[in-house]
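The values are calculated or read from the model by the stated rules, or taken from the named source; none is laboratory data. Values in this document were obtained by computation on a predicted structure and should not be read as measured data. Methodologically, a virtual Cβ is constructed for each residue, glycine included, from the backbone with ideal geometry; neighbour enumeration extends over all protein chains shown.
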Amino acid sequence: MKSNIRLIPGLAIYDLRHEFILSTCLVIAISSVIAPLLILLGLKSGTIKSLRKRLVNDPSFRELRPTETREYPRSWFEKMKRDEDVGFIIPTILPASSTVYLIMPGKKDKVLMDIIPTGKGDPLLEASQIRVPLGNECVLSFGAANKFGIKKGDTISLKVSRFRSGRYEYATQKLRVIGILPEQYGTLERIYAPLDLLLDIEAFKEGRAVSKRGWKGSFSRPYKRFDGVLVFSKKALDPLFLNSLLIESGLARYGKVSAKELESNYGLHVPEEIFIYKFSVPRGNVTVFSYRAIKNRLRGFNARILPFTKPLPLFIGDKEIKVVGFSPDEKIKELLNAFFVPWNEFNEKRSGKDVFKIVLPMSFIGKFQKDSKIEVTFKGVKNVTFPVTIAGFTKDSFSYCPLELASMLNTARTREIHFDKNSISFILSQTGFRGFRLYAKTIDQVEPLYQKLKAQGIPVIAKLEAIRRIKILDSGLTRLFWLVAALGIIGAVCVLTASLYGSVERKRSQLAVLRLLGFSRKDLFFFPVFEGLFLAFFSSMLAVIGFEVVSGVINEVFKNEMRAGERICELSNWILFATLALTLLISALSSLVGAWKTSRIDPAEALREE
Amino acid sequence: MHEKGVQNLLEVKGARIVRKRQSGSAFELLVPEFHLKRGEMVCVIGESGCGKSTLLDFLALVLRPEEIERFKLTIGDEHLKIDRFWKEGEEKGLSDIRRKHLGYVLQTGGLLPFLSVRQNLLLPSRLNQKKDVKNRLLRLSRRIGIQNLLDEKPKSLSGGQRQRVAILRAVLHGPEMVLADEPTAAVDRKRAQRIIDQFRELSKRQETSIIMVTHDEKLVENVADRWFGFKMEYPRRGLIKSSLYEIQH
């Protein structure tokens with residue numbers, strides 16, 4: 001025989017409907033406990049949500065600003081970008097360099113303004129739904145656009161000034177305005193532009209040229225560094241004289257080198273009778289100054305001087321070749337039979353295409369032609385690819401390039417350089433940056449990020465207090481809510497328990513009849529449980545309706561104090577569902593006393609009490 | 001005691017039922033021998049406190065005897081040994097037997113006030129998962145004149161109507177035996193006679209046996225097949241002994 005529990009929910013519903021007034025009173029009583037709790041929770045949730053929303057939506061709460069200007073290497077930025085707490089980071093330039101003149105469209109007036117770097121993921125742009133400016137584009141702050149009446153789509157001009165060699169110099173750059181930030185993201189007059197433009201401005205302000213923008217100035221060329229200087233002499237040189245060459249030359253030692261050694265290491269063929277001396281600096285480079293010093297001192301002696309670099313690895317596609325920096329004068333060419341090198345002795349003023357030449361081994365004949373250009377790559381701190389002209393071929397296994405080129409590539413082993421095709425030269429890349437714009441991913445990650453930077457010794461300022469205040473308010477209101485909720489729940493449990501117990505006592509004879517008709521103790525145990533669940537369900541529904549009505553009134557009353565889209569009293573659907581589930585659970589638990597009492601009713605009571 | 005050719009539905013032998021009263025005294029009911037045939041109507045008569053309700057509780061399987069020799073219910077070929085159920089404490093088995101094979105008519109009907117007359121009538125059938133009773137319900141309700149009351153709630157019925165509904169509820173799911181506890185106590189004599197006649201007619205039609213407790217002999221003298229009474233003894237202070245016996249007419 002199957003259990004007759006299936007009939008119980010129907011009987012419970014009929015019974016509740018039969019006692020409609022009593023059931024309604026009970027539903028109202030329970031919903032009177034739930035509805036105020038919902039409103040309290042709604043107020044707490046709405047207030048905190050609105051405050052959090054303001055914090056979350058306003059990226060300035062996620063910003064951490066450095067308080068000191070210092071050098072931050074590129075590697076530090078790479079590391080920070082990978083940090084889980086970092087939402088956006090971009091280098092900035094010196095504050096003094098980030099001030100530019102903005103020339104009003106169609107006017108001659110100019111005003112000083114800050115220029116700020118921006119890039120992909122900038123929270124200010126994302127929050128404003130403005131795309132990232134590229135090339136010669138920019139975004140203006142509300143303050144800048146409003147003050148000067150600039151609109152999206154306008155073109156503005158920037159004027160950058162510097163004082164060099166006793167006079168002012170200017171550079172200009174036109175920028176198209178692709179967006180205006182909303183007022184809430186700052187009223188300061190600012191231009192947000194790609195980092196490249198800011199770095200160019202900084203370079204210009206520091207006196208350097210920016211050839212891609214046509215801004216004149218000097219270039220930061222890589223230093224020319226040799227691995228040593230060779231001295232060739234037809235007779236042995238006095239050791240005292242050799243030692244005197246070291247004095248105030250920047251060189252630290254000298255030694256004899258055999259012709260064989262020179263041939264195997266550099267592919268240079270020196271006659272056996274020639275004395276070769278190598279001057280160098282242990283674990284260091286030889287500078288142009290040292291070369292000049294030793295050259296001057298050898299003037300009048302029958303000796304030739306040849307600075308050199310060790311063979312450098314260069315890649316033509318995937319193929320590696322060993323290139324020796326070799327700039328011999330005519331006499332050395334004659335001495336070493338090195339007429340395959342079409343360029344002459346080292347000249348520090350040699351520049352442009354005269355530097356970017358190469359002599360390749362004979363094995364490349366057929367693959368490349370003389371005077372053709374090929375791209376080669378040097379793998380230094382960072383790969384640098386540049387064009388070289390094939391100046392000839394040699395039967396040696398080594399390749400040769402002008403020492404001016406090799407000595408700069410020697411620097412690229414430790415410093416980042418890049419090839420500037422406009423000036424056909426290498427330029428030293430910037431090694432680091434002077435500051436940063438940093439935003440945490442969320443407001444909850446501001447403090448951890450603040451602590452991380454503090455641990456690195458980088459002092460920053462952040463709106464930690466505002467975030468903490470919201471968290472304290474949230475936890476305080478949560479505790480207050482649970483305190484009230486606990487009292488409410490206890491009250492609801494008492495009301496339900498007493499009501500259901502009283503109901504069982506009142507209906508004892510009817511329940512006894514049900515037992516007599518064949519319902520088991522277990523079946524009837526669920527009668528008050530189902531009644532409790534139905535009462536709780538209807539109470540929850542009524543409470544939710546009450547909440548919707550009252551919260552609507554509250555939101556209407558406080559409408560003027562809230563921003564668009566904000567509500568002071570609101571609950572998410574999952575909280576409403578959770579409330580329903582919790583009410584059902586509490587009512588089920590509250591009905592257990594009545595259920596136990598029901599299960600003790602004996603069928604004989606029906607016979608006797610009748 | 002066995003009538004030739006007709007099998008006993010119920011056989012009870014050697015039962016002793018003890019009930020402790022709140023005053024501290026004890027009441028002991030002895031049932032030396034009792035049987036009931038299919039379709040038979042037995043009336044139990046006696047004054048207040050003689051043990052009528054105790055007998056009914058016992059026969060309704062809700063009061064366990066202190067001693068029992070035999071309590072057998074025969075349904076077709078199936079012999080249900082109730083005494084064994086009691087001995088083994090199989091309450092669920094007893095509950096199933098009560099639901100399937102017994103019907104009850106209580107003094108004021110015992111109708112559930114939150115259900116309509118129709119729902120009250122159908123509840124035992126639903127409990128027994130009998131589905132084809134609706135036509136029978138209409139037919140029988142017409143026969144006893146309550147066909148217009150099916151959608152009413154019990155509170156809107158008169159005493160007589162309520163008892164007729166109770167009688168129909170007791171027999172509708174086709175139990176073998178109906179226990180009736182003074183079913184006409186709350187109605188006047190004229191109505192009571194009519195209700196008893198209808199009850200008997202329904203039970204005959206359904207071959208349902210009836211055990212009716214009453215204090216009004218005249219009401220049942222033309223319908224009952226046999227009568228039982230109680231012989232009271234007071235062996236000592238605080239103990240009342242009552243024995244069931246068949247009254248020979």
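It is to be established whether one or more residues within segment B:178-194 are touching a residue at least 24 places away in the same chain (Cβ under 8 Å), assigned to a helix (DSSP H, G or I) and within 14 Å of chain A (Cβ to nearest Cβ). Checked segment B:178-194: no residue is touching a residue at least 24 places away in the same chain (Cβ under 8 Å), assigned to a helix (DSSP H, G or I) and within 14 Å of chain A (Cβ to nearest Cβ). Here B:VAL105, B:VAL18, B:VAL44 are screened, and the one residue that is modelled with pLDDT under 90 and either over 30 Å from A:LYS522 (Cα atoms) or in contact with a strand residue (DSSP E or B) (Cβ under 7 Å, 6 or more places away or on another chain) (or both) is B:VAL105. Note on segment A:19-34: residues that are within 22 Å of B:PHE114 (Cα to Cα) and either touching a helix residue (DSSP H, G or I) at 6+ places or on another chain (Cβ under 7 Å) or surrounded by fewer than 17 Cβ atoms within 10 Å (Cβ to Cβ) (or both) amount to 9. Against the conditions (1) at pLDDT 85 or above; (2) under 30 Å from the mean Cα position of the chain (by Cα), A:ASP238 satisfies every one except (2). Residues that are within 24 Å of A:GLY594 (Cα to Cα) and more than 14 Å from chain B (Cβ to nearest Cβ): does segment A:551-562 have at least one? Within segment A:551-562, none of the residues are within 24 Å of A:GLY594 (Cα to Cα) and more than 14 Å from chain B (Cβ to nearest Cβ).
Got a sec? Which of A:THR414, A:THR389, A:THR478 is outside any loop (DSSP other than H, G, I, E, B) and without any contact (Cβ under 8 Å) to a residue 40 or more places away in the chain? Matching residue, one of A:THR414, A:THR389, A:THR478: A:THR389.
Every test in (1) in a helix (DSSP H, G or I); (2) in contact (Cβ under 8 Å) with a residue 40 or more places away in the chain is passed by A:GLU566 save one, and that test is (1). Does B:SER25 count as within 14 Å of chain A (Cβ to nearest Cβ) and of a type in the set (S, T, N, Q)? No. Once segment B:28-42 is narrowed to residues that are closer than 26 Å to B:GLU88 by Cα and crowded, with 17+ Cβ neighbours inside 10 Å, the residue that is nearest to the other protein chains (Cβ to nearest Cβ) is B:LEU29. When B:ALA180, B:ALA185, B:ALA170, B:ALA166 are screened for being among the small types (Gly, Ala, Ser) and over 29 Å from B:LYS130 (Cβ atoms), only B:ALA185 passes. Evaluation of A:ILE34 against the conditions (1) farther than 30 Å from B:LYS100 by Cβ; (2) within 9 Å of another protein chain (Cβ to nearest Cβ) shows that the sole unmet condition is (2). Can you tell me which residue in segment A:539-593 is surrounded by the most Cβ atoms within 10 Å (Cβ to Cβ), limited to those that are more than 38 Å from the chain's Cα centre (by Cα) and acidic (Asp, Glu)? Only one residue tops the list, namely A:GLU548.
Only a single criterion out of (1) within 14 Å of another protein chain (Cβ to nearest Cβ); (2) part of a helix (DSSP H, G or I); (3) among the hydrophobic types (A, V, I, L, M, F, W, C) is not satisfied by A:PHE519, namely (2). Got a number for residues in segment B:152-169 being surrounded by fewer than 18 Cβ atoms within 10 Å (Cβ to Cβ) and within 12 Å of chain A (Cβ to nearest Cβ)? Count: 2. Does B:GLY51 fit the bill of being of a type outside the set (Phe, Trp, Tyr) and touching a Lys or Arg at 6+ places or on another chain (Cβ under 9 Å)? Judged against the criteria, B:GLY51 is a match. Is at least one residue of segment B:43-63 over 26 Å from A:ALA512 (Cα atoms) and either surrounded by fewer than 22 Cβ atoms within 10 Å (Cβ to Cβ) or within 14 Å of another protein chain (Cβ to nearest Cβ) (or both)? No: zero hits. Restrict the check to segment A:62-80 and report whether at least one residue is assigned to a helix (DSSP H, G or I) and more than 24 Å from A:ALA455 (Cβ to Cβ). The answer is no, given that none of the residues of segment A:62-80 is assigned to a helix (DSSP H, G or I) and more than 24 Å from A:ALA455 (Cβ to Cβ). Residue-level check: of (1) touching a Phe, Trp or Tyr at 6+ places or on another chain (Cβ under 9 Å); (2) modelled with pLDDT under 85, A:LEU516 misses just (2).
When segment B:196-208 is limited to residues that are assigned to a helix (DSSP H, G or I), touching a Gly at 6+ places or on another chain (Cβ under 9 Å) and surrounded by fewer than 23 Cβ atoms within 10 Å (Cβ to Cβ), the one that is modelled with the lowest pLDDT turns out to be B:GLN206.
Only a single item in (1) assigned to a helix (DSSP H, G or I); (2) touching a helix residue (DSSP H, G or I) at 6+ places or on another chain (Cβ under 6 Å) is not met by A:GLU505, and it is number (2). Residue count for segment A:102-122, restricted to those that are over 14 Å from A:ALA193 (Cα atoms) and of a type outside the set (A, V, I, L, M): 6. Looking only at segment A:526-537, decide whether some residue is touching a residue at least 40 places away in the same chain (Cβ under 8 Å), under 30 Å from B:ARG64 (Cβ atoms), outside any helix (DSSP H, G or I) and within 14 Å of chain B (Cβ to nearest Cβ). The answer is no, given that none of the residues of segment A:526-537 is touching a residue at least 40 places away in the same chain (Cβ under 8 Å), under 30 Å from B:ARG64 (Cβ atoms), outside any helix (DSSP H, G or I) and within 14 Å of chain B (Cβ to nearest Cβ). Pull out all pairs, ordered by first then second residue, where Cβ-Cβ is under 6 Å, the residues are six or more apart or on different chains, the first lies in segment A:39-53 and is free of Cβ contacts under 8 Å to residues at least 60 places away in the same chain, and the second is buried (at least 18 other Cβ atoms within 10 Å of the Cβ). Qualifying pairs under 6 Å: none.
Can you find a residue that is surrounded by fewer than 13 Cβ atoms within 10 Å (Cβ to Cβ) and within 23 Å of A:ASP354 (Cα to Cα) anywhere in segment A:269-280? No, because not a single residue in segment A:269-280 is surrounded by fewer than 13 Cβ atoms within 10 Å (Cβ to Cβ) and within 23 Å of A:ASP354 (Cα to Cα).
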